[in-house]
Structure formats: structure tokens, C-alpha cells
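S.K.: Quick one: this structure, given as C-alpha cells, is what I'll be asking you about.
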Amino acid sequence: MAKTVYQRIIDREIPAKIEHEDAECIVIHDIEPQAPVHLLIIPKRHITRLSEAAATDQALLGHLLLTAHAMAKKLKLAAGFRLVINNGMHGGESVQHLHLHLLGGRQLSWPPG
């Protein structure tokens, strides 16, 4: 199976603006931001999508959420932020590698789309 664009970023085969990296995940700036702050929080271990995560992924999924919180705090999003996980074709998934979108820096509307 071919590497996803995110696996290629993790492996430094293609460049990205990295905001944070640790042993479990990498956080990059989205190249088509939908808000003043638009980060992608990507696990280094490939999980295709949330609906394919297993019970053994629980700690990693929690780590991704806590990393999102840390990034929101670092970027001073105290007024609020949104986390989005796209899952499947009808959910807006465009890359088959689980990732969280962290959006903030402006008033976000509802419903989102």
C-alpha cells in the first residue's frame, strides 16, 4: 500500500510547517486553512479512519485530544476552538489517515457544513 501524504510528511519526504512533534504524533499547519488557526494533529502510527480504530488505540486517541488541548492553549485559543474528525466519504475524509483538525482564532458558525 502506498504511503499517505501524512506518512510522507512524518518521514520527512515532503515538507510541512510543523508546530509540534512528539513520539506519538505530529502537528502541522493545514495548507488550505479554514480559520486563522488550522492545525492537523496526526498520529505517527497509521490508523485509516476513526471508524477503524480499535480498543488498543485508546491511549493514542486520548493523546491526540490532549495534544489538541495543549496546542489550543499554546496558541491562545481561550475564547474557543473546534476539533473535527472527518470519517468516510460522506464525512468529508480526503486522506485515509486519521487526523484531527484544530480550528480557531475566529467565531465559528454552526452547523459547520
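The values are calculated or read from the model by the stated rules, or taken from the named source; none is laboratory data. Every value quoted in this text rests on a predicted model; they were computed, and no experiment measured them. Cβ coordinates were reconstructed from backbone atoms using ideal geometry, including for glycine residues, and neighbour counts include every protein chain displayed. Remember, those area values only see protein heavy atoms, side chains included, never the ligands or the DNA or RNA. Shrake-Rupley method; radii C 1.70, N 1.55, O 1.52, S 1.80 Å.
S.K.: Which one of these is closer than 14 Å to residue 26 by Cα and open to solvent by 40 Å² or more (accessible area, probe 1.4 Å): 61, 98?
M.R.: Numbers: 98 fails: open to solvent by 40 Å² or more (accessible area, probe 1.4 Å).
Just a single option satisfies the conditions, and that option is 61.
S.K.: Also, I was wondering about something else. Can you pull out the residues in the stretch 88-102 that are of a type outside the set (Asp, Glu) and under 21 Å from residue 10 (Cα atoms)? I'd like the intermediate steps shown before the answer.
M.R.: We begin by selecting, within the stretch 88-102, every residue of a type outside the set (Asp, Glu); these are 88-92, 94-102.
94, 95, 96, 97, 98, 99, 100, 101, 102 - these are the residues of the stretch 88-102 that are of a type outside the set (Asp, Glu) and under 21 Å from residue 10 (Cα atoms).
S.K.: Now for a different question. Specify the residue that is surrounded by the fewest Cβ atoms within 10 Å (Cβ to Cβ); the eligible residues are those in the stretch 67-94 that are at pLDDT below 95 and under 13 Å from the mean Cα position of the chain (by Cα).
M.R.: 94
S.K.: Right, another one. Residues that are open to solvent by less than 40 Å² (accessible area, probe 1.4 Å): which strands (runs of 3 or more DSSP E) entirely in the stretch 1-58 hold 3 or more of them?
M.R.: Working: elements: 18-21, 25-29, 37-43.
Ranges flagged: 25-29, 37-43.
S.K.: List every residue pair whose Cβ atoms lie under 7 Å apart, where the two residues are 6 or more positions apart in sequence or sit on different chains, the first residue falls within the stretch 44-58 and is more than 16 Å from residue 84 (Cα to Cα), and the second residue, located anywhere, is open to solvent by 50 Å² or more (accessible area, probe 1.4 Å).
M.R.: Once the first residue is more than 16 Å from residue 84 (Cα to Cα) and sits in the stretch 44-58, its partners that are open to solvent by 50 Å² or more (accessible area, probe 1.4 Å) give 44/24.
S.K.: For the stretch 63-112, what are the residues that are without any contact (Cβ under 8 Å) to a residue 60 or more places away in the chain and among the charged types (D, E, K, R)?
M.R.: Taking the stretch 63-112 and keeping what is without any contact (Cβ under 8 Å) to a residue 60 or more places away in the chain, we get 63-94, 98, 107, 109-112.
73, 74, 76, 82, 93, listed by residue number.
S.K.: Can I ask one more? So which residues in the stretch 97-113 are modelled with pLDDT of 95 or more and either over 15 Å from residue 38 (Cα atoms) or aromatic (Phe, Trp, Tyr) (or both), if there are any at all?
M.R.: Scanning the stretch 97-113 gives 97, 98.
S.K.: Could you pull out the residue among 92, 104 that is small (Gly, Ala, Ser) and over 24 Å from residue 4 (Cα atoms)? Show your work before the answer.
M.R.: On the way: 92 fails: over 24 Å from residue 4 (Cα atoms).
Going through 92, 104 in turn, the sole match is 104.
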